[in-house]
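Inspection log for the structure reproduced underneath, given as structure tokens.
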Amino acid sequence: MIDSLLAGNAKFRHDEYAPNQDYYHTIAAQQKPKVLWIGCSDSRVSEDIVTGSRPGTLFVHRNIANIVAFNDVNIAAILDYALLHLKVKDIVVCGHTRCGGIAALEAGYIEDSYIADWLCVASEALERTEKACRRRSMTHEQKMELLARENVKLQIRHLEHIAIVKRMRKRKTWPRLHGWLYRVETGGIDIVVDGNAAPQA
Ligand SMILES: [Zn+2]
């Protein structure tokens, strides 16, 4: 498998890098990504490929179940760098269907303590989903999708309350916060939270 990655790199250099050297030399000198992407670590959701983006477009943070945690120094540093230095104006939180993290959250998966600890940050999404399930009947797949959507909305709310984001959004029209759901079964993206709508007071 590892050999095929290196062979893939040789193909990339030949088919993509070499014919577009000007572009790649420009971004080699300085990156100017337009969007901060917060996605799931899932191998099926490759942000560059599913959005047709070239290297240099997206500044990326991925973790299990695309979570924005208040006590996560990693995401705090990413937000600082993206907003203050790169001046990124749009942040996308992208969840996806058939997410293993979301399935573990729903199943109350507690065997591996770090995963359980991490998923605690999304527990409010599970509460909202359980409440909706009590109001109307849903198949398991519908419930999983709703939970993935509620998780995207929750992580957007977390972002809204992180100090740097809150402070900037008080003074400026950005960062705009977009919540998306990628469908692994079709390749399509649903808009869950419209970041272009006016922010709520
Ligand atoms: Zn996932």
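The values are calculated or read from the model by the stated rules, or taken from the named source; none is laboratory data. Please read these numbers as outputs of a predicted model, since none were measured by experiment. Cβ sites come from the backbone with ideal geometry, for glycine too, and all protein chains shown count toward neighbours.
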For region 126-179, which positions are hydroxyl-bearing (Ser, Thr, Tyr) and exposed (fewer than 14 other Cβ atoms within 10 Å of the Cβ)? 137, 139, 173
Considering only region 32-51, I want to know if a residue exists there that is over 17 Å from the mean Cα position of the chain (by Cα) and within 28 Å of residue 192 (Cβ to Cβ). yes
Filtering region 65-92 down to residues that are exposed (fewer than 14 other Cβ atoms within 10 Å of the Cβ), in contact (Cβ under 8 Å) with a residue 24 or more places away in the chain and part of a helix (DSSP H, G or I), which residue is farthest from the ligand (Cβ to nearest atom)? 84
Taking region 159-173, which residues are within 11 Å of residue 68 (Cα to Cα) and touching a helix residue (DSSP H, G or I) at 6+ places or on another chain (Cβ under 8 Å)? 159, 160, 162
Test: residue in region 31-53 that is surrounded by 18 or more Cβ atoms within 10 Å (Cβ to Cβ), within 15 Å of the ligand (Cβ to nearest atom) and over 16 Å from residue 184 (Cα atoms): yes
Check region 93-115 and report whether any residue there is under 16 Å from residue 160 (Cβ atoms), surrounded by 14 or more Cβ atoms within 10 Å (Cβ to Cβ) and more than 16 Å from the ligand (Cβ to nearest atom). no
Selected residue (only one of 145, 160, 130 is more than 18 Å from the chain's Cα centre (by Cα) and either free of Cβ contacts under 8 Å to residues at least 60 places away in the same chain or over 16 Å from residue 40 (Cβ atoms) (or both)): 130
Name, by its number, the condition in (1) at pLDDT 95 or above; (2) small (Gly, Ala, Ser); (3) within 16 Å of the ligand (Cβ to nearest atom); (4) part of a helix (DSSP H, G or I) that does not hold for residue 132. (3)
